[in-house]
Amino acid sequence: MSEQTTIDGIDYGPLAALLGIWEGDKGVDRAPEPDGEERNPYYETLTFVAAGDVTNCEDQVLAVVRFHQVVSRKSNNKVFHDQVGFWMWDAATDTLMETFTIPRGVAVVASGTLASPASLDDELVFTVACDVEGTGIAQSDYMFQNGRTTAFTHTITVKGDQMRYTESTVLDIYEKRSYDHKDVNTLKRVS
(Lines give C-alpha, C1' and ligand atoms only; values in the text may rest on other atoms or scores of the structure.)
Protein backbone atom coordinates (compact mmCIF):
# COMPACT_ATOMS: atom_id res chain seq x y z
CA MET A 1 0.00 0.00 0.00
CA SER A 2 2.86 2.45 0.74
CA GLU A 3 3.77 3.18 -2.93
CA GLN A 4 0.35 4.63 -3.71
CA THR A 5 0.02 6.40 -0.35
CA THR A 6 3.43 8.08 0.07
CA ILE A 7 3.62 11.86 -0.38
CA ASP A 8 6.87 13.78 0.20
CA GLY A 9 8.33 10.71 1.88
CA ILE A 10 5.45 10.29 4.35
CA ASP A 11 3.25 7.20 4.16
CA TYR A 12 -0.31 8.40 4.69
CA GLY A 13 -1.68 4.87 4.39
CA PRO A 14 -5.47 4.89 4.08
CA LEU A 15 -5.65 8.65 4.69
CA ALA A 16 -4.32 9.24 1.16
CA ALA A 17 -7.77 8.24 -0.13
CA LEU A 18 -9.27 11.30 1.60
CA LEU A 19 -6.99 13.95 0.07
CA GLY A 20 -8.60 16.57 -2.13
CA ILE A 21 -11.66 18.78 -2.25
CA TRP A 22 -15.02 17.02 -1.99
CA GLU A 23 -18.47 18.47 -2.65
CA GLY A 24 -21.88 17.04 -1.96
CA ASP A 25 -25.44 18.33 -2.10
CA LYS A 26 -27.38 15.31 -0.85
CA GLY A 27 -26.87 15.94 2.85
CA VAL A 28 -29.57 15.59 5.48
CA ASP A 29 -29.15 16.90 9.02
CA ARG A 30 -31.52 15.47 11.64
CA ALA A 31 -31.32 17.81 14.63
CA PRO A 32 -33.17 18.26 17.91
CA GLU A 33 -35.64 21.07 18.54
CA PRO A 34 -37.41 21.84 21.83
CA ASP A 35 -40.71 20.54 20.41
CA GLY A 36 -39.39 17.65 18.32
CA GLU A 37 -36.80 17.52 15.58
CA GLU A 38 -36.00 19.13 12.26
CA ARG A 39 -34.54 17.76 9.05
CA ASN A 40 -32.41 20.11 7.03
CA PRO A 41 -31.21 19.31 3.51
CA TYR A 42 -27.70 20.67 3.03
CA TYR A 43 -24.70 20.93 0.73
CA GLU A 44 -21.07 21.09 1.75
CA THR A 45 -17.43 21.36 0.81
CA LEU A 46 -14.96 19.12 2.62
CA THR A 47 -11.24 19.73 2.06
CA PHE A 48 -8.49 17.30 3.11
CA VAL A 49 -4.81 18.37 2.91
CA ALA A 50 -1.67 16.34 3.69
CA ALA A 51 -0.17 17.93 6.82
CA GLY A 52 2.95 15.81 7.44
CA ASP A 53 3.70 13.56 10.36
CA VAL A 54 4.30 13.91 14.09
CA THR A 55 6.17 11.81 16.62
CA ASN A 56 4.72 11.36 20.11
CA CYS A 57 6.84 10.29 23.10
CA GLU A 58 9.65 9.26 20.71
CA ASP A 59 7.92 6.08 19.53
CA GLN A 60 4.47 6.82 18.07
CA VAL A 61 4.52 8.24 14.54
CA LEU A 62 1.27 9.62 13.14
CA ALA A 63 0.57 10.59 9.53
CA VAL A 64 -1.66 13.68 9.65
CA VAL A 65 -4.31 15.04 7.27
CA ARG A 66 -5.94 18.39 8.07
CA PHE A 67 -9.60 18.96 7.11
CA HIS A 68 -12.08 21.81 6.87
CA GLN A 69 -15.81 21.21 6.47
CA VAL A 70 -18.27 23.97 5.56
CA VAL A 71 -21.97 23.02 5.52
CA SER A 72 -24.82 25.24 4.24
CA ARG A 73 -28.59 24.81 4.37
CA LYS A 74 -30.25 24.45 1.00
CA SER A 75 -33.23 26.49 2.23
CA ASN A 76 -31.30 29.74 2.67
CA ASN A 77 -27.68 29.06 1.57
CA LYS A 78 -26.41 30.05 5.03
CA VAL A 79 -23.51 28.22 6.67
CA PHE A 80 -24.76 26.37 9.74
CA HIS A 81 -21.71 24.21 10.44
CA ASP A 82 -18.00 25.04 10.11
CA GLN A 83 -15.60 22.43 11.43
CA VAL A 84 -11.82 22.09 11.38
CA GLY A 85 -9.69 19.17 12.51
CA PHE A 86 -7.30 16.37 11.72
CA TRP A 87 -7.39 12.72 10.72
CA MET A 88 -4.37 10.71 11.89
CA TRP A 89 -3.09 7.22 11.18
CA ASP A 90 -0.73 5.18 13.35
CA ALA A 91 0.78 2.62 10.97
CA ALA A 92 2.32 0.58 13.82
CA THR A 93 -1.08 -0.17 15.38
CA ASP A 94 -3.25 0.51 12.31
CA THR A 95 -5.27 2.97 14.40
CA LEU A 96 -7.25 5.88 12.95
CA MET A 97 -8.03 9.05 14.90
CA GLU A 98 -10.16 12.07 14.13
CA THR A 99 -9.89 15.25 16.17
CA PHE A 100 -11.96 18.36 15.58
CA THR A 101 -13.45 21.46 17.12
CA ILE A 102 -16.66 23.22 16.27
CA PRO A 103 -17.46 26.80 17.26
CA ARG A 104 -20.01 25.75 19.87
CA GLY A 105 -17.46 25.06 22.59
CA VAL A 106 -17.07 21.35 21.76
CA ALA A 107 -13.93 19.36 20.84
CA VAL A 108 -13.74 15.64 20.01
CA VAL A 109 -10.98 13.01 19.89
CA ALA A 110 -12.30 9.78 18.36
CA SER A 111 -10.39 6.65 17.41
CA GLY A 112 -11.06 3.47 15.50
CA THR A 113 -10.11 1.30 12.60
CA LEU A 114 -10.21 0.87 8.87
CA ALA A 115 -12.08 -2.07 7.40
CA SER A 116 -9.37 -3.89 5.45
CA PRO A 117 -10.06 -3.81 1.71
CA ALA A 118 -9.30 -6.87 -0.38
CA SER A 119 -7.45 -4.60 -2.83
CA LEU A 120 -6.69 -0.91 -3.32
CA ASP A 121 -9.64 -0.70 -5.72
CA ASP A 122 -12.15 -1.73 -3.04
CA GLU A 123 -14.08 0.57 -0.71
CA LEU A 124 -12.25 1.91 2.31
CA VAL A 125 -14.43 2.19 5.43
CA PHE A 126 -13.13 4.49 8.17
CA THR A 127 -14.93 4.25 11.53
CA VAL A 128 -14.07 6.23 14.66
CA ALA A 129 -15.97 6.71 17.92
CA CYS A 130 -15.73 8.10 21.44
CA ASP A 131 -17.95 8.84 24.42
CA VAL A 132 -18.01 11.18 27.37
CA GLU A 133 -16.95 8.40 29.77
CA GLY A 134 -13.50 8.34 28.16
CA THR A 135 -11.28 11.28 27.30
CA GLY A 136 -12.78 11.88 23.86
CA ILE A 137 -15.19 14.79 24.36
CA ALA A 138 -14.42 18.20 25.85
CA GLN A 139 -17.10 20.85 26.06
CA SER A 140 -17.70 24.24 27.61
CA ASP A 141 -19.60 24.47 30.89
CA TYR A 142 -22.58 25.92 29.01
CA MET A 143 -22.74 23.03 26.54
CA PHE A 144 -22.18 20.47 29.30
CA GLN A 145 -25.18 21.88 31.19
CA ASN A 146 -27.50 22.62 28.23
CA GLY A 147 -26.56 20.53 25.18
CA ARG A 148 -24.20 17.86 26.45
CA THR A 149 -22.51 15.60 23.88
CA THR A 150 -22.29 12.08 25.32
CA ALA A 151 -21.03 10.05 22.33
CA PHE A 152 -19.81 10.44 18.76
CA THR A 153 -19.45 7.98 15.86
CA HIS A 154 -18.28 8.75 12.33
CA THR A 155 -18.14 6.33 9.41
CA ILE A 156 -16.70 7.38 6.05
CA THR A 157 -16.78 5.09 3.01
CA VAL A 158 -14.50 6.01 0.09
CA LYS A 159 -14.31 4.34 -3.29
CA GLY A 160 -12.33 6.25 -5.90
CA ASP A 161 -13.79 9.74 -6.15
CA GLN A 162 -17.01 8.91 -4.25
CA MET A 163 -17.47 9.36 -0.49
CA ARG A 164 -20.40 8.61 1.81
CA TYR A 165 -20.54 9.36 5.48
CA THR A 166 -22.76 8.98 8.49
CA GLU A 167 -22.03 11.01 11.59
CA SER A 168 -23.87 10.46 14.85
CA THR A 169 -23.60 12.85 17.79
CA VAL A 170 -25.55 11.69 20.84
CA LEU A 171 -26.88 14.62 22.87
CA ASP A 172 -28.69 15.35 26.12
CA ILE A 173 -30.61 18.47 25.07
CA TYR A 174 -34.10 20.02 25.48
CA GLU A 175 -35.10 17.43 28.08
CA LYS A 176 -34.23 14.69 25.57
CA ARG A 177 -31.74 12.06 26.72
CA SER A 178 -29.51 10.26 24.23
CA TYR A 179 -30.92 12.06 21.20
CA ASP A 180 -29.15 10.77 18.07
CA HIS A 181 -28.30 13.89 16.05
CA LYS A 182 -27.39 12.46 12.65
CA ASP A 183 -25.79 13.84 9.49
CA VAL A 184 -25.44 11.88 6.24
CA ASN A 185 -24.15 12.90 2.83
CA THR A 186 -22.65 11.63 -0.41
CA LEU A 187 -19.79 13.61 -1.94
CA LYS A 188 -17.65 13.60 -5.06
CA ARG A 189 -13.97 14.57 -5.23
CA VAL A 190 -13.76 17.67 -7.43
CA SER A 191 -9.96 18.21 -7.23
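The values are calculated or read from the model by the stated rules, or taken from the named source; none is laboratory data. As the structure is a computational prediction, the values presented were derived from the model and not from experiment. Every residue, glycine as well, gets a Cβ built from its backbone with ideal geometry; the counts of neighbours run over all protein chains shown.
For segment 75-108, a residue qualifies if it is touching a Phe, Trp or Tyr at 6+ places or on another chain (Cβ under 6 Å) and among the charged types (D, E, K, R), and exactly one does: 98.
Where residues in segment 34-59 are surrounded by 14 or more Cβ atoms within 10 Å (Cβ to Cβ) and polar (S, T, N, Q), which of them is farthest from the chain's Cα centre (by Cα)? Going through the qualifying residues, I end up with 40. Contact map, segment 56-78: residues that are in contact (Cβ under 8 Å) with a residue 24 or more places away in the chain and more than 30 Å from residue 38 (Cβ to Cβ) paired with residues that are in a loop (DSSP other than H, G, I, E, B) and not hydrophobic (A, V, I, L, M, F, W, C), Cβ distance under 6 Å, separation 6+ or inter-chain. Pairs shown: 63/12.
Residues checked against (1) within 26 Å of residue 13 (Cα to Cα); (2) of a type in the set (Phe, Trp, Tyr); (3) modelled with pLDDT of 95 or more:
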site: 111; (1), (2), (3): yes, no, yes
site: 115; (1), (2), (3): yes, no, no
site: 123; (1), (2), (3): yes, no, no
site: 133; (1), (2), (3): no, no, no
site: 138; (1), (2), (3): no, no, no
site: 141; (1), (2), (3): no, no, yes
site: 153; (1), (2), (3): yes, no, yes
site: 162; (1), (2), (3): yes, no, yes
site: 167; (1), (2), (3): yes, no, yes
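Within segment 132-156, the set of residues being under 20 Å from residue 30 (Cα atoms) and part of a strand (DSSP E or B) comprises 147, 148, 149, 150, 151, 152, 153, 154, 155, 156.
Cβ-Cβ distances below 6 Å connect the following pairs, each with a first residue in segment 157-183 that is at positive phi and part of a strand (DSSP E or B), a second residue that is buried (at least 17 other Cβ atoms within 10 Å of the Cβ) and not charged (D, E, K, R), and a separation of six or more residues or different chains: 178/170.
For the structure I just gave you, tell me whether residue 135 is touching a residue at least 24 places away in the same chain (Cβ under 8 Å) and of a type in the set (S, T, N, Q). Yes; evaluated as a whole, the condition is true for this residue.
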